[in-house]
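To start, the structure itself, in structure tokens.
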Amino acid sequence: MTNLTSPEFLLPDVESVTSLPHWLLMPFITISFIESILGIVGNTLVIIVISCIGKSNAPHTPYNCFIVNLALSDLVLCLFTMPLNTYRTLNTYMTFPPAFCKLADSFPAINVCVSSLTIVAISIHRYLVVCYPHKKLIGTFLTFIIMIGIWLLAIAAASPLFIYSRSSKVYDEVVVETMTKIACINSIDKLCEENHYRTYGRLHVCHESWPKHGDWRLVYTIFIFFLQFILPISIICITYYQIMVKLQERFRFRFLIRRHNIVSLRHEVSRQRRNNVLLLLIVSSYAISWLPFNISYTVFTYANRYHIEAGNDQTPHEKKVNELSKYLPLRFLLCMISAIANPFLYGYFNETFKDGLEKIFSLCCRHMNRRINEMRYNQSNIPTSKVTLKKLQNVDFGTK
């Protein structure tokens, strides 16, 4: 029961469409934390290994540049975007500066578009390398131009969110003063009113305010769906299918040459099967991560538009949609699958990454062996005084 002497009774209903049910909050926070840690460790390892520990001339190859760009984008996704979305899921009211709303809405969109477009660039580069192995179609300069273009396109795609994002105060001055007086009615602290006035005055809600004429919000949502999912998944499927066909042709050619060499043939069969499985995993990982996100984003944008046009009265169908919308934050858990899987899937293709990991493991093993040898040496060279003391303790000084 709400206490009428506390300011909470003045709070409006905060059960927004982005608020998870209470029984899902702890699992959501726990899984978000675990996914963020795994993504941070995996992508940081990729960046360090390829940039610093790999072969000296390898980091500037097109494929390695794309991998580092993808790892950097996924690292930002795990380090900032996911914690930010978790915070917004748990808190309807914000106390950050108003500019936070613009960054909170636009920055994740930039991050997501960069990752998606980089994955497209990787698939196209692999297609060119496999299908045209004797031609260097993408050089270092063109690689950097492509990466700059990816970031600029992502920023341009997210700019409407930055423009139309708004921050609205929860209370006007009269309500803030009333709440402050109620909160400090029994307090003798002189700073009570000042602190509460500042706290209540800073509360605001982030929302998007699009032009009322036209369906610009829905048009933008469909555009993002196309740019971030339809176009990338189409290019990925086409390029990787062509890669599988090309590898299959090479396998048949090698089969004719090495059909009498059973050991070599088994190795080729295993390698071909591994490549096919890996390509399918890449496509499946991307589809599982981003398809639910984009579909839900589009469907609920359309449902919200229809509800606004129809008025405040909700049909049973609209109430069901509104109830389901409370589970929307769960889609971010699926998005994180891509950020966690990318270091392993794309690192597997990368010889520089493998070479760097071998160096790290060899250094670690060498250090562990050195420590073990030092411990054995110290144990085998016990000081003479201690040995003598042990011998004296074992001597029987009794009389015969």
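The values are calculated or read from the model by the stated rules, or taken from the named source; none is laboratory data. Remember, it's a predicted structure, so these values are computed and weren't measured experimentally. Glycine also receives a Cβ, built like all others from the backbone with ideal geometry; neighbour counts cover every protein chain displayed.
A few points about this structure:
- Any hit, the range 120-128, residues being within 30 Å of H60 (Cα to Cα), more than 27 Å from the chain's Cα centre (by Cα) and modelled with pLDDT of 75 or more: yes
- Candidates in the range 87-98 are the residues that are touching a residue at least 40 places away in the same chain (Cβ under 8 Å) and part of a helix (DSSP H, G or I); of these, the one that is surrounded by the most Cβ atoms within 10 Å (Cβ to Cβ) is T89.
- Number of the exception - N64 against (1) at pLDDT below 65; (2) among the polar types (S, T, N, Q); (3) not in a loop (DSSP other than H, G, I, E, B): (1)
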